[in-house]
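Report on one structure; see the data block that follows.
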Amino acid sequence: MHRIPVYVQSITLDPDSNSPVLLLQELNGTRTLPIWIGVMEATAIASELERLQFTRPMTHDLLVTFAQKMGIEILEVEISEMKNDTFYAVITAKNHDLVSTIDARPSDAVAIALKTKAPIYVNERVMRVIQLENALNGTSQQQNLNQVLEELGPEHFKYKM
């Protein structure tokens, strides 16, 4: 199935749940994939977007440093599936001639991709599922996203590319 290159458009807060939302924007299109994530993962992604440095390594920094010291290269990450309203991701890594995929939460995968400058993809099926769910609810993905964004003020957009 086709994979769509995306980038981190922004991290914002859902006004209803006060949870961070990662917005992945299609690189060569108009679709946006919102993924609700944890505070720690949002902090890791935001710190990379803002190029913040900490005196001690955070968990994602430690993992990336460990991989690099072991000669492992992060090739890419992909938001690969959606099951029971949960997104799944895989990290593709290479160690010498061995290429492996590793199951990951999307927020962790994106944080690692940003830290290693690896490309981020979304499987076309995932985008289609989101569009189909929104169509069944009588709205388009863009209408849903626009409604959420209209309810947000500038103070909600903590980090934006």
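Mind listing whichever residues of segment 43-55 are in contact with a helix residue (DSSP H, G or I) (Cβ under 9 Å, 6 or more places away or on another chain) and in a loop (DSSP other than H, G, I, E, B)?
52, 53, 54
Can you spot a residue in segment 16-38 that is crowded, with 19+ Cβ neighbours inside 10 Å, part of a helix (DSSP H, G or I) and either of a type outside the set (Lys, Arg) or without any contact (Cβ under 8 Å) to a residue 24 or more places away in the chain (or both)?
Within segment 16-38, not a single residue is crowded, with 19+ Cβ neighbours inside 10 Å, part of a helix (DSSP H, G or I) and either of a type outside the set (Lys, Arg) or without any contact (Cβ under 8 Å) to a residue 24 or more places away in the chain (or both).
Which residue out of 78, 41, 48 is surrounded by 15 or more Cβ atoms within 10 Å (Cβ to Cβ), under 27 Å from residue 124 (Cα atoms) and in contact with a Phe, Trp or Tyr (Cβ under 8 Å, 6 or more places away or on another chain)?
Numbers: 41 fails: in contact with a Phe, Trp or Tyr (Cβ under 8 Å, 6 or more places away or on another chain); 48 fails: in contact with a Phe, Trp or Tyr (Cβ under 8 Å, 6 or more places away or on another chain).
Going through 78, 41, 48 in turn, just one is surrounded by 15 or more Cβ atoms within 10 Å (Cβ to Cβ), under 27 Å from residue 124 (Cα atoms) and in contact with a Phe, Trp or Tyr (Cβ under 8 Å, 6 or more places away or on another chain): 78.
Filter segment 97-121 for residues that are surrounded by fewer than 21 Cβ atoms within 10 Å (Cβ to Cβ) and out of contact with any strand residue (DSSP E or B) (no Cβ under 9 Å at 6 or more places or on another chain); which is nearest to residue 41 (Cα to Cα)?
Selected residue: 98.
Can you tell me which of (1) free of Cβ contacts under 8 Å to residues at least 40 places away in the same chain; (2) of a type in the set (Val, Ile, Thr); (3) surrounded by 20 or more Cβ atoms within 10 Å (Cβ to Cβ); (4) not in a strand (DSSP E or B) is the one residue 65 doesn't meet?
Answer for residue 65: the failing condition is (3).
Which condition from (1) surrounded by fewer than 16 Cβ atoms within 10 Å (Cβ to Cβ); (2) within 17 Å of the chain's Cα centre (by Cα) is the one that residue 53 breaks?
In the conditions (1) surrounded by fewer than 16 Cβ atoms within 10 Å (Cβ to Cβ); (2) within 17 Å of the chain's Cα centre (by Cα), residue 53 misses (2) alone.
Please go through segment 40-58 and pick out each residue that is of a type in the set (S, T, N, Q) and farther than 17 Å from residue 22 by Cα.
Matches in segment 40-58: 53, 55.
For the subset of segment 86-96 comprising residues that are of a type outside the set (Val, Ile, Thr) and in contact with an Asp or Glu (Cβ under 9 Å, 6 or more places away or on another chain), which member is surrounded by the most Cβ atoms within 10 Å (Cβ to Cβ)?
Applying the filter and picking the extreme gives 89.
Every number here is computed from the coordinates shown, using simple stated rules; none is lab data. Computed from a prediction, not measured in an experiment: that's the story for all the values here. A quick note on method: Cβ atoms are made from the backbone with ideal geometry, for glycine too, and the neighbour counts reach across all protein chains shown.
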